[in-house]
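Below you'll find the structure, written out as structure tokens, and then a few comments.
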Amino acid sequence: MAAEAGELKPAAMEVEGTEAPSSKPPRFRIPVDSDNKATEFWLFSFARPHMSAFHLSWFSFFCCFLSTFAAPPLLPLIRDTLGLTATDIGNAGIASVSGAVFARVAMGTACDLVGPRLASASIILLTTPAVYCSSIIDSASSYLLVRFFTGFSLASFVSTQFWMSSMFSPPKVGLANGVAGGWGNLGGGAVQLLMPLVYEAIRKIGSTPFTAWRVAFFIPGVLQTCSAIAVLAFGQDMPEGNYRKLHRSGGMHRDSFGNVLRHAVTNYRGWVLALTYGYCFGVELAVDNIVAQYFYDRFGVKLSTAGFIAASFGMANIISRPGGGLMSDWLSSRFGMRGRLWGLWVVQTVGGVLCVVLGTVDYSFGASVAVMILFSFFVQAACGLTFGIVPFVSRRSLGLISGMTGGGGNVGAVLTQLIFFHGSKYRTETGIKYMGLMIIACTLPITLIYFPQWGGMFLGPRPGATAEEYYNREWTEEEREKGYNTGSVRFAENSVREGGRSGSQSKHTVHVVESSPANV
């Protein structure tokens with residue numbers, strides 16, 4: 001059987017019009033397409049390099065979320081120890097997400113130039129010292145600084161999404177991005193449970209409250225350090241290998257910063273998604289910073305109870321964001337890219353409406369908890385739907401487009417907290433209500449996104465436009481002659497489903513390389 005499989009390969013290559021390579025092709029346990037991207041998603045597999053990259057990326061991002069939001073669950077204790085004012089707390093919340101604005105853009109560029117493995121591990125290790133320093137803060141300014149520098153680690157989200165977009169085929173990229181991002185975001189919910197439990201455990205050992213909350217910060221610090229080491233030791237940038245190896249062998253074009261930047265900033269679709277992402281993921285970050293304290297102060301619940309309620313918001317990511325990615329892929333299979341766009345607009349708008357309701361039912365503890373949980377599902381699903389679209393905006397500047405979109409999420413968080421939750425200008429419940437109105441308004445620009453080859457929400461595709469033509473515009477004629485655009489062309493071939501059912505039945509053929517016994 002293995003011999004028969006080996007004999008079929010040259011014939012298949014002749015049909016595709018290519019010559020047999022001189023060296024053996026990559027061998028994968030998981031089925032792949034003509035671009036070596038996985039066509040299936042084996043959630044509980046560690047098959048290298050596709051599924052191992054998935055598990056490394058979501059876990060490292062999870063650890064960064066733990067570190068960034070380790071302080072809010074213990075804020076009543078930190079507030080009393082350091083004598084923090086409402087303004088101090090608001091400034092620190094803004095600082096925790098503002099640093100990642102530029103870090104995410106830089107991370108996207110780094111992914112394009114050196115690969116997601118080195119980019120991710122570097123930012124995680126560089127921000128780890130700030131996590132440990134959280135245990136020695138003694139003033140409002142030092143509290144702000146450690147939250148600011150720890151927040152840079154959230155840039156690892158960009159490498160997570162870039163990595164998944166490099167490992168999984170177009171029909172599965174929404175699901176892969178959704179699960180990786182969603183499970184990483186679980187850290188924002190898990191930390192609401194973890195930190196109070198760690199604090200209580202340290203207290204029972206005999207520590208004073210003054211010392212216990214400080215020692216608790218070593219847990220997220222150690223986890224973050226270990227995740228970076230695992231990424232370096234077991235990660236792989238692309239299905240074919242790491243960037244350095246591929247650049248040396250000529251298997252990948254070594255691009256320049258100028259070209260990557262130019263094709264990203266001139267693509268208006270990236271800017272629209274950055275804006276809209278600011279009011280799904282940005283809102284999620286804002287809520288992570290305020291929700292525990294809100295329930296603690298508004299309804300007088302215990303610290304552990306407030307942490308559990310806040311955890312339920314973040315923990316919804318285990319199914320909500322992956323559900324958004326899965327919905328994006330399902331809508332694509334039926335309606336193409338237009339389905340992805342409509343799905344994002346509807347889900348995010350409903351999330352905005354629920355946010356308004358959450359700010360309105362502040363008179364009832366039970367209603368507030370119920371609406372908050374429902375709201376979390378929609379706002380987080382919108383994040384998954386967003387990154388079901390991002391991989392199609394650009395191939396040459398995929399990392400930077402991902403960084404711009406991710407950075408937009410942090411900008412939204414900063415503006416939201418600065419406007420609605422900074423100082424005492426608004427009561428928290430009033431700020432939540434206005435935040436919902438902002439979500440609804442800032443979701444409208446999705447209607448402006450249009451792909452010539454696939455169409456937009458209200459307009460169909462332009463006659464004669466093709467995906468290959470769209471992606472080839474990022475390459476000069478000379479670069480195309482040298483074959484630098486090969487990856488873009490293969491991606492265009494495998495994106496045929498984005499034209500909807502009629503597009504998937506067109507004359508274009510996608511060559512899928514399945515795993516045979518000889519390749520396992």
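Quick notes on this one:
- Counting only protein heavy atoms and a 1.4 Å probe, the chain has 39 square angstrom of accessible area per residue.
- For segment 233-367, the Kirkwood hydrodynamic radius from C-alpha pairs, put into Stokes-Einstein at 25 °C and a viscosity of 0.890 mPa s, yields a diffusion coefficient of 129 µm² per second.
- Within the chain: Cβ-based charge dipole about Cα centre, in debye rounded to nearest 20 (Lys, Arg +1; Asp, Glu -1): 500 debye
- Once the C-beta distance of K482 and Y363 is scaled by a Förster radius of 60 Å, the resulting FRET efficiency is 0.35 to the nearest 0.05.
- Calculated diffusion of segment 351-467, Stokes-Einstein form, Kirkwood radius summed over Cα pairs, 20 °C and 1.002 mPa s, µm²/s: 131 µm²/s
- Here is the size of segment 425-468 from its Cα atoms: Rg then Dmax, 17.8, 55 Å.
- Candidates H247, L84, S96 compared by Cα position along the dipole of the chain: farthest toward the positive end lies L84, with charges placed on Cβ.
- Carbon + sulfur, % of accessible area of segment 356-404 - ligands and nucleic acids excluded, 1.4 Å: 79 percent
- For the peptides 364-370, 166-172, 236-242, the ranking by packing is 166-172, 236-242, 364-370, with the highest mean count of neighbouring Cβ atoms within 10 Å listed first.
- Counting protein heavy atoms only, segment 80-185 has 71 percent of its accessible area on carbon and sulfur, 1.4 angstrom probe.
- Distance from the Cα centroid of segment 428-490 to that of segment 135-182 is 23 Å (rounded to whole angstrom).
- Once the Cα atoms are used to define both axes, helix 140-151 deviates from the longest principal axis of the chain by about 20 degrees.
- Using bins of 5 Å that start at zero, the share of Cα-Cα pairs per bin across segment 103-260 amounts to 1, 8, 14, 18, 18, 13, 10, 7, 5, 3, 1, 1, 0, in whole %.
- Euclidean distance between Cα centres, segment 323-357 to segment 378-395, Å: 9 Å
- D_trans [Stokes-Einstein, Kirkwood Rh over alpha-carbon pairs] for the chain, 4 °C, 1.567 mPa s, µm² s⁻¹: 55 µm²/s
- Here the mean projected area of the convex hull built on the C-alpha positions of segment 59-190 is 7.9 nm².
- Principal-axis tilt of helix 428-443 within the chain, Cα atoms, nearest 10 degrees: 20 degrees
- Principal axis dimensions, largest first and in whole angstrom, of segment 416-494 by Cα: 61, 28, 19
- Computed over segment 158-197, the range of Cα coordinates on each principal axis works out to 41, 16, 9 Å, biggest value leading.
- Ordering of 205-214, 103-112 by burial proxy (mean other Cβ atoms within 10 Å per residue, highest first): 103-112, 205-214
- Expected 222 nm ellipticity per residue - DSSP helices of 4 or more, -39500 (n - 2.57), all of the chain, to 500: -22500 deg cm²/dmol
- Y243, Y268, ranked by accessible area, largest first (probe 1.4 Å): Y268, Y243
- Surrounding net charge for S207, when Lys and Arg each add one and Asp and Glu each subtract one, Cβ distance under 15 Å: +2
- Relative packing of 380-393, 142-155, which averages over residues the other C-beta atoms within 10 Å, highest first: 380-393, 142-155
- Calculated P(r) tail over 21 Å for segment 193-305, as whole % of Cα pairs: 69 percent
- Rounded tilt (10° steps) of 337-360 against the dominant C-alpha axis of the chain: 10 degrees
- Above-threshold pairs, the threshold being 29 Å between Cα atoms, out of K302/K425; K204/K433; K302/K433: K204/K433
- Relative contact order, percent, segment 315-388 [alpha-carbon distance under 8 Å, six or more residues apart]: 52 percent
The values are calculated or read from the model by the stated rules, or taken from the named source; none is laboratory data. Since we're looking at a predicted model, the values are computed, not measured. When we count neighbours, we look across all protein chains shown, and the Cβ atoms used for this are built from the backbone with ideal geometry, even at glycine. Each accessible area value is taken on the protein alone, full model and side chains, heavy atoms only, with ligands, DNA and RNA left out. Shrake-Rupley method; radii C 1.70, N 1.55, O 1.52, S 1.80 Å.
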